[in-house]
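A quick write-up on the structure given underneath.
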């Protein structure tokens, strides 16, 4: 059974379109994250939700909007896609509930977004 | 602000040789430190982590890392490289009160040749 799953695995789209990436975890974790990995493999956190509440919101354009319908799901919607949005987007989850840090984050397989 | 520096974007070793991947961190509070591995076209997998218990941490696949506060380092080692160790390795830091936010280094690509 896949612990953290993402759909789709690949997403190719035109500039200006709106797209969504879905993430689900079956680990019973309370906290979920979105990370962006650029073409140089650099990883940077975008958002984090704890029990459906947004707790981390890095300096990300407001074209990116995360939504957590329940604590097992965290989706990422991107409006008006730009060339610079091309990257691999990773979802992750952890059991961290206190914000104290140190908990292992479990990563999904990634979604490769290509904007043409 | 926290940061992580990984020295050497590419490291190449022979099969059976020692693997040493370097990581230095900057943190104003006691850090939590992690090493993750990423195989081609896959997500990240935890190798090991330091959370203020023993300074020498053993992980999966024969890897270990030593936390050295005086040197602000958390280098990853493996006594004998295997072909299957070829991958991208990331060092990361988080701190207490940071909502478990991971700050990653730029990564080190490990190549293992026969």
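The values are calculated or read from the model by the stated rules, or taken from the named source; none is laboratory data. Since this is a predicted model, take the numbers as computed values, not measurements. Don't worry about glycine lacking a Cβ; one is built from the backbone with ideal geometry, like all the others, and counts go over all protein chains shown.
Residues that are touching a residue at least 60 places away in the same chain (Cβ under 8 Å) and away from chain A (no Cβ under 13 Å) do occur in the stretch B:83-95, at least one of them. Of the strands (runs of 3 or more DSSP E) lying entirely inside the stretch A:10-116, the ones with 2 or more residues being more than 8 Å from every other protein chain (Cβ to nearest Cβ) and in contact (Cβ under 8 Å) with a residue 60 or more places away in the chain are found at A:10-13, A:19-25, A:31-37, A:87-94, A:111-115. Condition first: at pLDDT 90 or above, within 23 Å of residue B:106 (Cβ to Cβ) and within 12 Å of the chain's Cα centre (by Cα). Can you find one or more residues in the stretch A:71-85 that meet it? Taking every residue of the stretch A:71-85 in turn, none turns out to be at pLDDT 90 or above, within 23 Å of residue B:106 (Cβ to Cβ) and within 12 Å of the chain's Cα centre (by Cα).
Condition (residue is in a strand (DSSP E or B), closer than 25 Å to residue B:100 by Cα and modelled with pLDDT of 95 or more) applied to the stretch B:10-23: is it met by at least one residue? For the stretch B:10-23, residues in a strand (DSSP E or B), closer than 25 Å to residue B:100 by Cα and modelled with pLDDT of 95 or more: present.
The residues listed here are B:92, B:106, B:86; of these, the one that is surrounded by fewer than 18 Cβ atoms within 10 Å (Cβ to Cβ), touching a strand residue (DSSP E or B) at 6+ places or on another chain (Cβ under 6 Å) and closer than 30 Å to residue A:8 by Cα is B:86.
Scanning the stretch A:50-63 for residues that are more than 24 Å from residue B:4 (Cβ to Cβ) and surrounded by 14 or more Cβ atoms within 10 Å (Cβ to Cβ) gives a single hit, A:52. A residue that is more than 20 Å from residue B:92 (Cβ to Cβ) and buried (at least 20 other Cβ atoms within 10 Å of the Cβ) occurs somewhere in the stretch A:77-99.
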